[in-house]
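A.B. asks: Provided herewith is a single structure, encoded as structure tokens, for subsequent inquiry.
No value in this document is a laboratory result; all are computed from the given coordinates. This is a predicted model, so every value here is computed, not measured. Don't worry about glycine lacking a Cβ; one is built from the backbone with ideal geometry, like all the others, and counts go over all protein chains shown.
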4 protein chains.
Amino acid sequence: MIIVMERGATREQVDDIVARVRELGLGAHLSEGEERTIVGVVGSPLPPTLDEQLEIHAGVEQVVRITKKYKLSGWDFRPQKTQIRVRDVVIGGDEVTIIAGPCSVESEEQTVETARAVKAAGARMLRGGAYKPRTSPYEFRGLGRRGLEILALAREETGLPVITEVMTPADIAEVHAYTDVFQVGARNAQNYLLLEEIGKAGKPVMLKRGLSMQLEEWLLAAEYVMSQGNPDVILCERGIRTFEPATRNTLDVSAVPVIQGMSHLPVFVDPSHAAGKRALVPSLALAGIAAGADGLMIEVHPSPDHALSDGAQSLTFAEFAALTPRIAAVAQAVGRSLPVVDAVVSV
Amino acid sequence: MIIVMERGATREQVDDIVARVRELGLGAHLSEGEERTIVGVVGSPLPPTLDEQLEIHAGVEQVVRITKKYKLSGWDFRPQKTQIRVRDVVIGGDEVTIIAGPCSVESEEQTVETARAVKAAGARMLRGGAYKPRTSPYEFRGLGRRGLEILALAREETGLPVITEVMTPADIAEVHAYTDVFQVGARNAQNYLLLEEIGKAGKPVMLKRGLSMQLEEWLLAAEYVMSQGNPDVILCERGIRTFEPATRNTLDVSAVPVIQGMSHLPVFVDPSHAAGKRALVPSLALAGIAAGADGLMIEVHPSPDHALSDGAQSLTFAEFAALTPRIAAVAQAVGRSLPVVDAVVSV
Amino acid sequence: MIIVMERGATREQVDDIVARVRELGLGAHLSEGEERTIVGVVGSPLPPTLDEQLEIHAGVEQVVRITKKYKLSGWDFRPQKTQIRVRDVVIGGDEVTIIAGPCSVESEEQTVETARAVKAAGARMLRGGAYKPRTSPYEFRGLGRRGLEILALAREETGLPVITEVMTPADIAEVHAYTDVFQVGARNAQNYLLLEEIGKAGKPVMLKRGLSMQLEEWLLAAEYVMSQGNPDVILCERGIRTFEPATRNTLDVSAVPVIQGMSHLPVFVDPSHAAGKRALVPSLALAGIAAGADGLMIEVHPSPDHALSDGAQSLTFAEFAALTPRIAAVAQAVGRSLPVVDAVVSV
Amino acid sequence: MIIVMERGATREQVDDIVARVRELGLGAHLSEGEERTIVGVVGSPLPPTLDEQLEIHAGVEQVVRITKKYKLSGWDFRPQKTQIRVRDVVIGGDEVTIIAGPCSVESEEQTVETARAVKAAGARMLRGGAYKPRTSPYEFRGLGRRGLEILALAREETGLPVITEVMTPADIAEVHAYTDVFQVGARNAQNYLLLEEIGKAGKPVMLKRGLSMQLEEWLLAAEYVMSQGNPDVILCERGIRTFEPATRNTLDVSAVPVIQGMSHLPVFVDPSHAAGKRALVPSLALAGIAAGADGLMIEVHPSPDHALSDGAQSLTFAEFAALTPRIAAVAQAVGRSLPVVDAVVSV
């Protein structure tokens, strides 16, 4: 950490800072320039909010943190890319992984039918919400345990591993009994106690990015899971909140390569929630893969205009089946693959 | 709800929409213009996501919801402003209410000393975090139950009611035993199950605005509490996330009058979290009161540069004592009062 | 336009609105429901701010505009996609077009050398700034006319058409004498008089999206050019301003398919300005093409760390030459082509 | 400037950076820690984009600029607050200044009548647009020169100095002949050539903040004016663009104290454009004054629902007259004054 003193900082103010740093058991190294004094802080670990504490001292102009706040999720800690095995699916390898399924589990028929359709079209995992966070308390909030049972049944029928959301610590044990991967939704992305409890539960976790989370904060949220001994975190970019009303959220496609430069964790893209509109989903899916995403999470429904939630952004079976070969083609173009599907390059 | 069909919508597409509306047990009323057909939907209650469901039908250009999504928090439901009594303090009346105290409860001495100082300067309630949500898992996270005990002790010493944050449903009972008001933090503002559980706990709730929550979403979050039978929700604007890095968050001062136009619930402003810098807190506090806020929530610490959290934004006792008479003066200027304090108009 | 009256609107308020509408020479059509009255406004053209004027009348709850504000740029006006010929390059056809070159023209050698390199690697047009908008008045602001001469010389040497920015109406004639395409930068995207003057100048225009421009506003800015008789506008998404500091701007890749749904104009992506960091440019370039962009605008410099502007985001010749075959591969995967280049699919 | 090298940076990479710094005629000062090397850059002036140039060198982790980019507008350059005299009005002194008037000059009668009304209620300057920037080319764009003549006439009638917008360099001479203060609108806030030309014109300038301008960028825009020899710049916060749709823009009230900490220039608030809705204007006006603004710019119209532009956000004469005593009261409460008006403290 480097403390830049103001141009007119007094001797006393500098001494004060040095004393404060030493009081914390750290070393201070002075460099006095013509115009300003700069204090280097050495020693570790630095208290995480040390910069804030020092910034308010009289005479301090700026405090610059050099070391990163995130640890377990960074390349410094683990120099190989994380691969996560979920039954027979490997996430984070050369193959890109498509997770597909309905927003909400509505019935056995709807879910099993969708599972079969998305499997046939190239999906490797089934998504479906049993507990649904809804902006309004007056909306459909999922079938709960019955939804979990249906997911398990669809897994049995198709062999697809399942992923479903857990919203509160009290539900973890129940969800654990059915799911292969826990999902933490955007609105819970900084629900730290939920993250820690899931971190203890011993199954992979997909952590969606919060609506206004900076990338560093996202990794710090992942650390809440990882610091409990669970290294298997999948990040999922699903659009951020901006001033643009034309899409439900703004897909931050740059987050994919930026995160890959910061972290060894796999990164997915959810084009359905980002777009909020069915017609945009294919373009965003392809953009995500082109940007280097390790996989996609796509909403598919047998009859989107009868869906109990998020119908507007769900693909039909036919639309999904038309999309996967295009995903395969783009994946191949960027050095990845989507093996189940024949990459049909349109002419 | 009004469904605007596209210019070239076919007879069949219009019929389709009408059939879908009737399938849901609602009435459809056609108005055929020269250029377009418009379908009015009547009946109630409308399914909350009906607009989304209808929007994706072929031939539909736009769906306009006329009725508001929020209910219990709106003026239609309750035409008088909500006043909330917390021991001998009335929130939402003519007097503005100042809540002050340290970000985190760090020790008995620190807390009691602060409680005395802020009471002397005009605060009517004591804040202090026992359970602290932190962006990083490696930061100080509060004293937990010991923190709650200290708050109760400070209340005993000073008579100030206390408010403290609860982060997860499992802690509600414990926090309930000590606090007068539950606080839900910005990062939990859409943690719906937490909101519902607190709604059942039977004490007033201060609901901070999420970092990227639109005002309608904020009221819908309040409805999660209210729909459990608890009408005593205080809203607190604490800054939203924008592109401007000069402040930790951007205080959306317009939210105060806008919410007051939408809802009968009292609205507070938290200038400390909005600013993130001590020097800005007074200006934002005064702006909040001038805009019509029902109260303020301000961080005060005996020695901010030794605070374990948020020291950069905490006022010293002297700074707080210098601020309250100015708050009283502005309150008076906008037809409110802050009675404990003499309004000293600077000259 | 539809005017939704408040639930309690009086007869008089409704009459008032109807009178106001008729005063403007428009027709009003009443539809009285059980709960509210709705007034349809018919006739054309509607004054562009009619909604604002009506919204403030007593008793009005909401005014809904049905017709779009943009005209010439919309599909209703022109049902074929716009193709723009610039010398022998066709923009907006099946082939995607790469424009490349230095941020600023710095010298003849630098520019001609870059033109040759980018041409060899597959670029079809040369970019280079002679007049540079800079955030600070103390930065390098371009070579001016000398820069234009150098661009013309590079065109002569390589046959590549050139595009360069014009910042103020007084420079239009001079820039017109040298450039093939005018560029309007993000900071001038709502400099309406500049847009109109360029609209009269009779050469194609690339209009960058403003940092916080909504998509409808972008099309309306294009209309300033088009309403002067110039239909040849190319839109270029270059990142918007959001809360995320990891990238200079946030590439709104969704803007590509959304604009293509609204407008017949070709849409480019500028991954260099969006990213602000060289290492991210390839991923964003590929994402842009995958999302359906008609072309890319990429900064390339012989020695980026000696560039007088934007070196941090410029590719070297080698990096650019490595990127174009990957662009060609993704283009092919989404049914487009980049013919000069062999699509090398990485394995 | 401080260059922080990566943890694993090689000797050669450090030498490279040092060589690059010296090549630019600057000094480099090495400080080698256990974990990293830090290079201090000394000498002046530093090239404005030096940080960008150095950041891309191999082995560099972070470059930290210590000196500020803005100069003439900063306290370092001028330690007294700038006061600007416009006829007999002094801006930036103890008195707060209210500028009021219609969005657009529509007729002599409308303008003179408004001028008289706002003067009687306490305004010290008259605003009115003769050249209007409009999002759409199909909207009313002002009366042009006739509008300027009407403003001059209203000044003659009332003695109020006038302020009006200039949109393009070619209009400066004409506007100069009539106006007392030039206004540069939000959409032209980074139209650098316009700023420079106005800087040469020798009359005070009000520079509105761009919709997504960071505060440092705003000061740099002011420097374009000031570096041409014109020190008389008034800044005006008018709301920024955020995700919140409830207001037309989000008033960044924190900008007032933050700018006052950075710069000696006076800062105004425009509550009309920030709110976009008449009912919110009073609250935002009072909040702006409470936060320390040097003045307000408020839209007033004799008949807002017949206004040719921005009627929705214009106050009636009666509303304005009811507001100014409240402004006076808040001004007094924060140690300022609004002398023409009796501060009526509501009870």
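A.B. asks: Using the 10 angstrom Cβ neighbour count as an exposure proxy, how do C:Ile56, B:Ile91 rank, fewest first?
C.D. replies: Fewest to most other Cβ atoms nearby, the residues stand as C:Ile56, B:Ile91.
A.B. asks: Continuing with this model, one more query. What do you get for Rg/Rh over chain B if you use C-alpha atoms and the Kirkwood form of Rh?
C.D. replies: Across chain B, the Cα-based Rg/Rh ratio is 1.08.
A.B. asks: How about segment C:54-112: which trypsin sites (Lys or Arg not before Pro) there are in a DSSP loop, with at most 16 other Cβ atoms within 10 Å of their Cβ?
C.D. replies: C:Arg65, C:Lys68, C:Lys81, C:Arg87
A.B. asks: Measure out, as a whole number of angstrom, how far apart the alpha-carbon centroids of segment D:201-257 and segment B:62-108 sit.
C.D. replies: That distance is 34 Å.
A.B. asks: Follow-up question, since we're still on this one. Compare the peptides A:162-171, D:13-22, D:326-335 by average per-residue count of other Cβ atoms within 10 angstrom and give them in order, highest first.
C.D. replies: Output ranking for A:162-171, D:13-22, D:326-335: D:326-335, A:162-171, D:13-22.
A.B. asks: Right, something else. Remind me, relative contact order of chain C in percent, using alpha carbon pairs under 8 angstrom and six or more residues apart?
C.D. replies: Computed value for chain C: 15 percent relative contact order.
A.B. asks: If you split all Cα-Cα distances of segment C:32-100 into 10 Å bins from zero, what percentages do you get per bin, shortest first?
C.D. replies: Spelled out per bin, shortest first, that is 14, 29, 20, 16, 13, 7, 0.
A.B. asks: All other residues with a Cβ under 12 Å from the Cβ of C:Ser107 taken together, and with Lys, Arg as +1 and Asp, Glu as -1, what is their net charge?
C.D. replies: Value of the local net charge: -4.
A.B. asks: Which value in Å is the Kirkwood Rh of the protein assembly as shown over different Cα pairs?
C.D. replies: After inverting the mean inverse Cα-Cα distance, the result is 32.7 Å.
A.B. asks: Diagonalise the Cα gyration tensor of segment A:55-143 and give the resulting equivalent ellipsoid semi-axes, square root of 5 times each eigenvalue, largest first, whole Å.
C.D. replies: Working through the eigenvalues yields semi-axes of 42, 25, 9 Å.
A.B. asks: Any chance you could check the Cα centroid distance between segment C:124-161 and segment B:282-340 for me, in angstrom?
C.D. replies: Rounded to whole Å, the Cα centres lie 54 Å apart.
A.B. asks: What does the charge count near D:Ser314 come to, summing +1 for each Lys or Arg and -1 for each Asp or Glu among other residues with Cβ under 10 Å from its Cβ?
C.D. replies: -3
A.B. asks: Could I ask something else about it? Using DSSP to define loop residues, name the GluC sites (Glu not before Pro) in segment A:1-90 whose beta-carbon has at most 11 other beta-carbon atoms within 10 Å.
C.D. replies: Counting only loop positions with at most 11 other Cβ atoms within 10 Å, the GluC sites (Glu not before Pro) in segment A:1-90 are A:Glu34.
A.B. asks: What value, in deg cm²/dmol to 500, does the helix sum -39500 (n - 2.57) over DSSP H runs of n ≥ 4 give at 222 nm once divided by the residues of chain C?
C.D. replies: -10000 deg cm²/dmol
A.B. asks: Which chymotrypsin sites (Phe, Trp or Tyr not before Pro) in segment B:1-103 pass both tests, a DSSP loop state and at most 15 other beta-carbon atoms within 10 Å?
C.D. replies: When the chymotrypsin sites (Phe, Trp or Tyr not before Pro) of segment B:1-103 are filtered for loop state and at most 15 Cβ neighbours within 10 Å, B:Trp75, B:Phe77 remain.
A.B. asks: Near D:Val175, within a Cβ-to-Cβ distance under 12 Å, what is the net charge of the other residues, with Lys and Arg +1 and Asp and Glu -1?
C.D. replies: Residues near D:Val175 contribute -4 overall.
A.B. asks: List the equivalent ellipsoid semi-axes of segment A:82-124 in whole Å, largest first, each obtained as the square root of 5λ for an eigenvalue λ of the Cα gyration tensor.
C.D. replies: Gyration-tensor ellipsoid for segment A:82-124: 24, 11, 8 Å.
A.B. asks: Using only the Cα atoms of segment C:137-202, build the gyration tensor, take square roots of its eigenvalues as a ≥ b ≥ c, and label the shape rounded, prolate or oblate: rounded if a/c is under 1.5, else prolate if a/b is larger than b/c, else oblate.
C.D. replies: In terms of gyration-tensor shape, oblate.
A.B. asks: Let me ask something else. In whole Hz, what ³J(HN,Hα) sequence does segment D:61-77 give by Karplus (6.51, -1.76, 1.60; θ = phi - 60°), x for Gly and Pro?
C.D. replies: 9, 7, 10, 10, 7, 9, 7, 7, 7, 8, 10, 5, 8, x, 5, 4, 7
A.B. asks: Would you please classify the overall shape of segment B:233-347 from the alpha carbon gyration tensor, given that a ≥ b ≥ c denote the square roots of the eigenvalues, rounded means a/c under 1.5, and beyond that prolate means a/b larger than b/c while oblate covers the rest?
C.D. replies: Here segment B:233-347 falls in the oblate category.
A.B. asks: Which peptide among C:195-203, C:280-288 comes first, and what is the full order, when sorted by highest mean count of other Cβ atoms within 10 Å?
C.D. replies: Ranking the peptides C:195-203, C:280-288 by packing returns C:280-288, C:195-203.
A.B. asks: What percent antiparallel are the DSSP beta bridges of the protein assembly as shown, to the nearest 5?
C.D. replies: Taking every DSSP beta bridge within the protein assembly as shown, about 40 percent pair in antiparallel fashion.
A.B. asks: At 37 °C and 0.692 mPa s, what whole-number value in µm²/s does Stokes-Einstein give for the translational diffusion of segment A:2-64, with Rh from the Kirkwood sum over Cα pairs?
C.D. replies: Result for D is 286 µm²/s.
A.B. asks: For D:234-244, what's the mean count of beta carbons from other chains sitting within 10 Å of each residue's beta carbon?
C.D. replies: What the average comes to for D:234-244 is 6.
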